[in-house]
Amino acid sequence: MSASGGTKAIVAALLANLSIAVAKFVAFLFSGSSSMLAESVHSVADSGNQGLLLLGGKKAQREATPQHPFGYGRERYIYAFLVSIVLFSVGGMFAIYEGYEKIKHPHEIEHWYWPVGVLVFAIIAETFSFRMAIKESNVLRGRKSWKEFVRHAKAPELPVVLLEDLGALVGLILALGGVGLALLTGDGVWDGIGTLCIGVLLILIALVLAVETKSLLLGEAAGVEEVKKIEAAVVGGDAVTGIIHMRTLHLGPEELLVAAKIAVRHDGTATEIASAIDAAEARIRESVPIARVIYLEPDIYSEAEAAKGADPEASPGGPSHTTVH
């Protein structure tokens, strides 16, 4: 991930949400609309989420320590997971509660021009933030669909901001619909229904974020293209005859661990094998720059060892790709 690109999207979303939150609170005070109150809390929660993402990015830059020898790259995953919890608990649950209360005890919306004007302003501001997130994501997305990008991105910030901004835009449209119907019919229940829909939407987005960031927290392997590049780099010299088995693991969005048992020629000397390993590590880092932690174990190829590496039950590291040349 482009760290600067992710930061730009986060800062744009933070500034948009702070300005929108203030405007929504003012509109709520003048109109008494529960949709506006729910949207106000939604924007405050989103602002807090962007703050958490920025904090996680800062903490992830700390140097490795003896207690954490692989560094703090996963801090970004932890804070992204916290974002999904905040979105669920603060934004979604509060909106559902407010919607239920407004449906149960409806009242007329006062000074209708406040909520309508603020919602239009908020849609414009959120569109700007969403456009920035799309622009920065397109740099990394390549030919992937948006669904694939959100599901398989190793850097959590841009998918989180994308989903948050999308949810905010849809939520604003729902709020505008609820307020509009309440004004047209004179029935405040529609305002409550709009608020309820906003809460359900936020919870659905929070669940998607939680599932995706949980997978990153557990530890995901390198992408298919990166694995192919690593395999080609390992066997790029004459001394390494193949890969018996290999494991990859993201220590953070921009740091990859590579561990492999490689097949070497049985008549090679210790010096030749050591040189072959050094050369293979250099080729890996050149092909996949984020492969910063590399462990290569030389061995003589055997069917039994290859089977162990390929069998998830035989090895605690999980499934692997076995290549023999």
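The values are calculated or read from the model by the stated rules, or taken from the named source; none is laboratory data. Predicted model, so just to flag it, every value in this text is computed and none were measured. We place every Cβ from the backbone using ideal geometry, glycine too, and count neighbours over all the protein chains shown. For the accessible areas, the whole protein counts, side chains as well, though only heavy atoms, and no ligand, DNA or RNA atoms are used. Shrake-Rupley method; radii C 1.70, N 1.55, O 1.52, S 1.80 Å.
Against the chain, whose longest principal axis comes from its Cα atoms, helix 270-287 is set at around 30 degrees. In this label model, I173 and V224 are separated by 3.2 nm, measuring between points 7 Å along each Cα→Cβ vector. Partner lysines whose Cα lies under 17 Å from the Cα of K8, excluding those fewer than 8 positions away in the same chain, are identified as K58, K135.
Computed extension gain for S215 through D187, at 0.36 nm per residue and net of the alpha carbon distance, reaches 5.6 nm. Just to confirm my numbers, what's the Cα centroid distance between the stretch 1-79 and the stretch 141-172 in Å? Taking the Cα centre of the stretch 141-172 as reference, the centre of the stretch 1-79 is 15 Å away. Only DSSP H runs of four or more residues enter the estimate; each adds -39500 (n - 2.57), and after division by the residues of the chain the mean residue ellipticity at 222 nm equals -22000 deg cm²/dmol. Computed from Cα positions, the angle between helix 113-141 and the longest principal axis of the chain comes to roughly 10 degrees.
Across the stretch 222-229, rounded Karplus estimates of 3J(HN,Hα) from the backbone phi angles (6.51 cos²θ - 1.76 cosθ + 1.60, θ = phi - 60°) give 5, x, 4, 5, 5, 4, 4, 5 Hz, Gly and Pro being marked x. For helix 3-31, report the angle its Cα long axis makes with the longest principal axis of the Cα atoms of the chain; keep it between 0 and 90° and round to the nearest 10°. Compared with the principal axis, the helix lies near 20 degrees.
Amide H contacts of Q61: none lie under 5 Å away among residues 5 or more positions distant or on a separate chain (H built 1.01 Å from N in the peptide plane; Pro and chain starts excluded).
Taking the charge dipole of the chain about its Cα centre, with +1 at Lys and Arg Cβ atoms and -1 at Asp and Glu Cβ atoms, the residue from G73, A282, V22 reaching farthest to the positive side is V22. Scoring 119-132, 269-282, 148-161 by mean Cβ neighbours within 10 Å over their residues and listing the highest first yields 148-161, 119-132, 269-282. The label point for H107 and the one for D267, both projected 7 Å from the Cα toward the Cβ, are 9.3 nm apart. Each peptide in 188-199, 30-41 was scored by the mean count of other Cβ atoms within 10 Å over its residues; highest first, the order is 30-41, 188-199.
Suppose every K and R has +1 on its Cβ and every D and E has -1 on its Cβ; what is the size of the dipole of the chain about the Cα centre, in Debye to the nearest 20?
I would put it at about 440 debye.
Annotation for Q61 and L15: the two label points, set 7 Å from Cα along the Cα-Cβ direction, are 1.9 nm apart.
Projecting the Cα positions of I262, A233, L176 onto the charge dipole of the stretch 161-271 (unit charges on Cβ atoms of Lys, Arg, Asp and Glu, taken about the Cα centre) puts I262 furthest along the positive direction. At the residue level, R292 shows approximately 130 square angstrom of accessible surface with a 1.4 angstrom probe and all protein chains present. Here the 3J(HN,Hα) profile of the stretch 74-86, calculated from phi with Karplus coefficients 6.51, -1.76 and 1.60 at θ = phi - 60°, is 6, 4, 5, 6, 4, 5, 5, 5, 4, 4, 5, 5, 5 Hz, Gly and Pro shown as x. Expressed as a whole percent, the accessible area of the chain that falls on carbon and sulfur atoms is 65 (1.4 Å probe).
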